[in-house]
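First the structure, which I've put down as structure tokens, then a few questions once you've had a look.
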Amino acid sequence: MSETAEHTGHHIDVKEFHPRAQAAIHDPKIRKNFRSAMDGLMSKRKTAFEGWDLETLRDLGANVRLRALANLPDLLEQLEKKLTENGIKVHWAVDGDEACRIVRDICKARDAKTVIKGKSMVSEEMELNHYLEEQGIEALESDLGEYIVQLADETPSHIIMPAIHKNTGEISQLLHDKTGTDLSNDVEYLTASARLQLREKFMNADVGVSGVNFAVAETGTLCLVENEGNGRMTTTVPKCHIAVTGIEKVVSSMEDVSALLALLTRSATGQHITTYFNMISGPRKAEELDGPEEVHLVLVDNGRSSIYQDDELLDTLRCIRCGACMNHCPVYTRVGGHAYGTTYPGPIGKILMPHLIGLDEGRHLPSASSLCGACGEVCPVKIPIPDLLVRLRQESVDGDKLHPAKVRGHGAKRSSMEAMIWKGWAWMHASPGIYRFGTGAASKFRALQPSKAGAWTDYRTAPKLAAKTLHQRMKERGQ
Amino acid sequence: MSSRETILQRLRNRTGGELTVPECDFSVLVRDDWSTKERIERFEKMIESVHGEVHHCTEDMWMDRLAELLNTRGARNLLIPKQHEIGQALRDAGRDDLPELLIYDEPIESWQAHLFNEVDASITSTRGGIAETGSLILWPNNDEPRLMSLVPPVHIAVLKASELYTTFHEAMKAQNWAAGMPTNALLISGPSKTADIEQTLAYGVHGPKELIVLIIE
Amino acid sequence: MVDPIKVYPAKPAKVYFYGTCLVDMFYPDAGIAGVELLEREGIEVLFPQNQTCCGQPAYTSGYHDQARSVARAQLDLFPGDWPIVVPSGSCGGMMRKHYPDLFKDTTEEVKAAEVAGRVWELTDFLLNVCHIKLEDLGEPTTVAMHTSCSARREMGVAEVGPKLLGQLKNVNLVEQVRPEECCGFGGTFAVRHPEISGAMVSEKVDALVDTGTKQFVTTDCGCLMNIAGYAEKNQKPVEGQHILSFLWARTQSKGGQQS
């Protein structure tokens with residue numbers, strides 16, 4: 001970032017992953033909420049793709065994203081040109097702070113006091129709400145899950161279902177405490193009361209801020225995917241609509257969108273399509289009777305152009321933010337979204353956040369994976385997430401002289417002790433005679449094997465050395 | 001240097017060099033040519049699976065069905081388009097079994113509170129539908145503005161069976177969306193809903209609680 | 001994970017047997033069972049005595065220089081053009097999938113790719129190259145199967161274990177809930193993130209116990225020492241063995257007997 005952050009927002013120490021993960025694991029409520037939610041999402045996804053040639057569809061998704069990335073600067077310029085022709089004003093921000101300032105300036109120019117927000121992960125990345133509050137502008141989330149999380153003064157624990165960590169009882173208590181709603185376990189009642197409160201806010205908000213799922217260069221169209229209708233309210237009712245998005249969200253055509261949309265909603269929530277697919281290509285025209293008078297798009301870089309430099313890391317930018325990787329992640333399922341302490345949790349967070357916050361701050365993220373590959377298997381655009389995790393592990397210990405590390409903060413996890421252990425290990429395993437002697441001796445003196453082996457034996461017994469190694473037994477067989 | 005130039009320059013001068021552009025084969029999105037009957041069946045199945053309602057109608061009787069639907073719901077009024085044939089027909093019919101007919105012919109600023117608080121139902125046309133996902137295509141305009149299909153608790157949409165496409169890909173190609181899009185276009189696939197409270201579905205969270213489709217065959 | 005479509009070779013006269021370090025030190029019976037099964041299929045087994053470890057522990061820990069030096073020492077072990085069989089999806093995946101990446105832009109690039117192309121997970125090889133027909137000689141029993149994540153996703157052999165077990169007429173294969181979920185091993189992950197790994201393996205053991213079976217088999221010794229080690233420490237009524245040990249024992253005189 002080029003200048004010091006103007007606002008601090010909520011600062012969570014990402015490095016404190018272990019204590020947070022441990023706390024989550026020992027919290028039966030967290031365990032139960034995430035397990036049952038993720039089980040449901042996995043089974044819905046499976047059903048939603050029945051009858052599809054899923055591999056071919058995923059190949060298409062991957063190619064559409066790769067093609068867009070290959071043409072990224074051209075597409076951004078085409079998008080800007082089309083949007084401008086359509087009457088949408090385009091802004092560029094190198095980082096989150098600049099994006100915040102752009103939003104503030106638009107608000108100030110309109111003398112705006114209140115902002116209503118549709119769901120936008122990029123605005124979470126920018127910590128926009130806190131920034132606007134500091135500037136004296138009220139920013140209220142309108143997606144029900146985001147609204148709940150905001151009332152609780154928390155951050156989303158899932159990119160699609162922000163309040164997945166809370167159960168009905170907690171939400172009822174929260175709404176009661178903060179808004180005076182009656183205590184109830186009736187979800188319909190709770191939803192209806194939120195509707196009433198938020199309708200007032202929509203009518204009175206000066207500015208609506210939303211995210212973007214796809215920005216279409218060919219037609220100059222901003223596409224938003226949602227179920228609630230709050231996104232449509234946010235982008236239609238206030239006189240000014242500001243969309244914020246990452247620079248990687250641009251695609252070339254509506255045809256590209258038709259492929260990605262088929263993948264996105266099915267991967268995310270197992271829906272064939274969401275209730276609303278909202279395509280915005282301009283502000284209200286003179287003869288129109290509703291819609292915002294002004295529409296802005298803020299294109300946010302915030303580390304993305306750095307990711308773009310490297311052929312392998314580039315794949316991170318294919319992401320369409322469906323959340324399927326977290327739904328299928330056995331680690332995420334156990335620890336929940338807050339343990340990560342990052343805007344984007346789960347597998348995508350582990351490969352994306354180190355670029356946004358640096359590998360020093362995010363050093364524990366790439367290692368918090370068993371590399372089981374479930375994320376890569378379900379990714380609708382075939383991001384090789386496990387390979388990228390291994391790459392970032394290498395970067396975090398500066399482990400490859402042939403391919404020097406590039407990511408900001410690389411090498412932060414390297415310890416001379418660990419490096420020495422691996423050097424010793426490599427020396428032994430690259431010398432067959434020494435290896436055979438060592439393993440043979442270990443077998444021979446296996447009675448001396450300690451029954452404790454660090455963290456391993458906190459949960460398990462130690463594996464027992466065999467009386468003879470396979471090498472010895474094969475030799476005895478004459479092989 | 002402006003942020004725009006900084007970003008574009010970084011992207012253009014990528015250290016990894018030029019990227020290869022892969023071929024994109026969209027044929028996986030093309031579905032077998034379903035018959036009109038199959039399309040209607042699929043559309044109905046899909047939209048009902050997300051809590052939408054479908055009524056099969058003809059040019060002669062859709063208004064009877066509409067009146068019935070509004071009466072059972074006790075709707076006091078119905079927001080209709082001014083110029084579209086649906087609105088014209090309703091006004092010309094002069095029926096006494098229909099509720100008060102409202103027209104959205106003023107800018108939202110002059111009647112926002114009324115729209116939000118007093119309108120019970122709306123009826124709009126569609127630019128066709130998508131069978132595979134159970135979706136309606138709407139291009140709001142000054143006759144049928146954006147909020148018509150969003151704010152009232154009941155949204156009734158009229159869909160001609162002959163305008164039902166198989167997939168979004170087909171619809172978008174057939175209607176040549178690449179040539180230009182309106183200020184706002186929508187796919188609507190069911191009533192507004194949320195599962196944000198413990199994954200329990202609740203309808204009508206911000207938009208309509210009910211979506212009723214009259215298919216004209 | 002973009003994998004080329006597998007093209008199985010014709011059944012060869014010989015194979016190289018790559019035992020893996022875990023089998024070598026902790027589960028040599030599983031290795032011997034694999035050798036016996038191959039020999040019964042009429043294949044001569046070549047065991048290069050200079051083999052050590054595929055290099056994966058260092059690779060997944062990010063120490064690629066060290067992984068490369070260990071992997072380099074394995075590249076010369078297979079001079080003939082015989083297939084290389086591995087009783088592990090994990091080590092097989094390292095060699096087949098990651099060796100080409102690890103040696104990219106080095107003088108060993110061609111050789112590494114050539115070796116990688118000859119690597120087969122052993123149960124896959126028995127079923128789809130040897131077309132093995134197993135005759136079950138054991139008493140009726142029930143068993144659950146845990147296919148390792150790398151066997152399932154890197155080597156693409158999720159169907160193989162159940163098919164082999166399906167050939168055994170007295171074996172009732174039961175399926176635990178979430179069979180495709182990781183057991184929590186993940187190599188150094190188990191010691192770097194012990195609580196998360198512990199939570200994962202405890203649920204895996206519960207799932208296995210809930211099937212009512214007293215035993216499970218698996219393709220990989222990492223999963224085996226994790227799952228069986230947890231069950232043993234926490235006195236859960238389930239024991240495990242490598243699928244090769246199980247298959248060999250079932251097809252030798254009275255079932256359950258092992259060398």
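Might you check whether a residue that is part of a helix (DSSP H, G or I), surrounded by fewer than 24 Cβ atoms within 10 Å (Cβ to Cβ) and either hydroxyl-bearing (Ser, Thr, Tyr) or more than 14 Å from chain C (Cβ to nearest Cβ) (or both) occurs anywhere in the stretch A:285-296?
no
Further question: Pairs only if they're at least six apart or on different chains, beta carbon under 6 angstrom, first in the stretch A:100-125 and closer than 24 Å to A:GLY229 by Cβ and assigned by TED's automatic domain parsing to the domain that holds A:HIS241, second assigned to a helix (DSSP H, G or I) and polar (S, T, N, Q); list them, first residue then second.
Within 6 Å, the pairs are A:ILE116/A:THR234; A:GLY118/A:ASN230; A:GLY118/A:THR234.
Here's a follow-up. Residue check: is A:VAL257 buried (at least 21 other Cβ atoms within 10 Å of the Cβ) and in contact (Cβ under 8 Å) with a residue 60 or more places away in the chain?
Taking the combined requirement at face value, the residue does not satisfy it.
For the stretch A:200-265, give me every one of the strands (runs of 3 or more DSSP E) that falls completely inside it and has 1 or more residues that are more than 27 Å from A:CYS379 (Cβ to Cβ).
Correct list: A:207-210, A:240-246.
Name the residue that is surrounded by the most Cβ atoms within 10 Å (Cβ to Cβ), counting only residues in the stretch C:177-203 that are more than 7 Å from chain A (Cβ to nearest Cβ) and touching a residue at least 40 places away in the same chain (Cβ under 8 Å).
C:CYS183
Right, next: Provide a single number: the residues in the stretch B:16-34 that are loosely packed, with under 11 Cβ neighbours inside 10 Å and farther than 28 Å from A:SER258 by Cβ.
Matching residues across the stretch B:16-34 total 1.
How many residues are more than 23 Å from B:LEU29 (Cα to Cα) and within 11 Å of another protein chain (Cβ to nearest Cβ) if we restrict to the stretch B:115-138?
Looking only at that region, the number is 3.
Shifting gears a bit: Condition (residue is assigned to a helix (DSSP H, G or I), modelled with pLDDT of 95 or more, surrounded by fewer than 18 Cβ atoms within 10 Å (Cβ to Cβ) and of a type in the set (D, E, K, R)) applied to the stretch C:39-56: is it met by at least one residue?
Yes.
Can you report the number of residues in the stretch A:390-404 which are modelled with pLDDT of 95 or more, surrounded by fewer than 24 Cβ atoms within 10 Å (Cβ to Cβ) and more than 7 Å from every other protein chain (Cβ to nearest Cβ)?
Number satisfying all stated conditions: 1.
Out of A:SER416, A:SER431, which single residue is under 30 Å from C:ALA73 (Cβ atoms), at the interface with chain C (Cβ under 8 Å from one of its Cβ atoms) and of a type in the set (S, T, N, Q)?
The conditions single out A:SER431.
Against the definition (over 37 Å from the mean Cα position of the chain (by Cα), surrounded by fewer than 19 Cβ atoms within 10 Å (Cβ to Cβ), in a helix (DSSP H, G or I) and charged (D, E, K, R)), how does A:LYS475 come out, yes or no?
Yes: the conditions hold for A:LYS475.
Let me ask another. Would you point out the residue of the stretch B:149-169, among those that are at the interface with chain A (Cβ under 9 Å from one of its Cβ atoms) and more than 10 Å from the chain's Cα centre (by Cα), that is surrounded by the fewest Cβ atoms within 10 Å (Cβ to Cβ)?
Among those that are at the interface with chain A (Cβ under 9 Å from one of its Cβ atoms) and more than 10 Å from the chain's Cα centre (by Cα), it is B:THR167.
Among helices (runs of 4 or more DSSP H) lying entirely in the stretch A:8-96, which contain 2 or more residues that are in contact with a Cys (Cβ under 8 Å, 6 or more places away or on another chain) and closer than 30 Å to A:ILE242 by Cβ?
Those helices (runs of 4 or more DSSP H) span A:54-70.
Which residues, counting only those in the stretch A:105-117, are under 28 Å from the mean Cα position of the chain (by Cα) and within 15 Å of A:LEU140 (Cα to Cα)?
Once the filter is applied, which keeps residues that are under 28 Å from the mean Cα position of the chain (by Cα) and within 15 Å of A:LEU140 (Cα to Cα), the stretch A:105-117 yields A:CYS107, A:THR114, A:VAL115, A:ILE116, A:LYS117.
Could you check A:VAL216 against (1) buried (at least 24 other Cβ atoms within 10 Å of the Cβ); (2) modelled with pLDDT under 95 and say which number it fails?
(2)
Next question. Looking at the stretch C:2-38, which of its residues are buried (at least 24 other Cβ atoms within 10 Å of the Cβ) and among the hydroxyl-bearing types (Ser, Thr, Tyr)?
Once the filter is applied, which keeps residues that are buried (at least 24 other Cβ atoms within 10 Å of the Cβ) and among the hydroxyl-bearing types (Ser, Thr, Tyr), the stretch C:2-38 yields C:TYR18, C:THR20, C:TYR27.
Which condition does C:GLY161 not pass, out of (1) surrounded by fewer than 24 Cβ atoms within 10 Å (Cβ to Cβ); (2) of a type outside the set (D, E, K, R); (3) farther than 26 Å from A:HIS18 by Cβ, if it passes all the others?
(1)
Out of the helices (runs of 4 or more DSSP H) lying entirely within the stretch B:1-112, which hold 1 or more residues that are among the hydroxyl-bearing types (Ser, Thr, Tyr)?
Passing ranges, in order: B:3-12, B:36-49, B:62-72.
Restricting to the stretch B:99-115, what's the tally of residues that are aromatic (Phe, Trp, Tyr) and touching a residue at least 12 places away in the same chain (Cβ under 8 Å)?
Going through the stretch B:99-115 one residue at a time, the tally reaches 1.
Restricting the first residue to the stretch A:353-379 and requiring it to be more than 13 Å from chain C (Cβ to nearest Cβ) and in a loop (DSSP other than H, G, I, E, B), which pairs with a second residue that is crowded, with 24+ Cβ neighbours inside 10 Å and not acidic (Asp, Glu) meet a Cβ separation below 7 Å and a spacing of at least six or different chains?
Sorted first by the residue in the stretch A:353-379, then by its partner, the pairs are A:GLY362/A:MET353; A:GLY362/A:PRO354.
Additional query: If we scan the stretch A:81-89, do we find a residue that is over 27 Å from B:ASN184 (Cα atoms), surrounded by 18 or more Cβ atoms within 10 Å (Cβ to Cβ) and touching a Gly at 6+ places or on another chain (Cβ under 6 Å)?
No, the stretch A:81-89 contains no residue that is over 27 Å from B:ASN184 (Cα atoms), surrounded by 18 or more Cβ atoms within 10 Å (Cβ to Cβ) and touching a Gly at 6+ places or on another chain (Cβ under 6 Å).
Restricting attention to the stretch C:74-96, which residues are of a type in the set (S, T, N, Q) and assigned to a loop (DSSP other than H, G, I, E, B)?
Listed by number, the list holds a single entry, C:SER88.
Across the stretch C:1-38, which residue is nearest to the other protein chains (Cβ to nearest Cβ) among those that are part of a helix (DSSP H, G or I) and closer than 15 Å to C:MET95 by Cβ?
Across the stretch C:1-38, the extreme among qualifying residues is C:VAL23.
Another question, then. Out of the stretch A:149-192, which residues are within 11 Å of chain B (Cβ to nearest Cβ) and either farther than 15 Å from B:THR200 by Cα or among the aromatic types (Phe, Trp, Tyr) (or both)?
A:VAL149, A:PRO156, A:HIS158, A:LEU174, A:LEU175, A:TYR189 - these are the residues of the stretch A:149-192 that are within 11 Å of chain B (Cβ to nearest Cβ) and either farther than 15 Å from B:THR200 by Cα or among the aromatic types (Phe, Trp, Tyr) (or both).
Could you say which residue among A:PRO347, A:PRO386 is more than 7 Å from every other protein chain (Cβ to nearest Cβ) and touching a residue at least 24 places away in the same chain (Cβ under 8 Å)?
Of the residues listed, the single one that is more than 7 Å from every other protein chain (Cβ to nearest Cβ) and touching a residue at least 24 places away in the same chain (Cβ under 8 Å) is A:PRO347.
Given B:SER49, B:SER3, which one is closer than 25 Å to A:GLN271 by Cβ and within 14 Å of chain A (Cβ to nearest Cβ)?
B:SER49
The values are calculated or read from the model by the stated rules, or taken from the named source; none is laboratory data. Keep in mind that what you see is a predicted model, and the values were worked out from it rather than measured. Glycine gets a Cβ as well: all are built from the backbone with ideal geometry, and neighbour counts include every protein chain shown.
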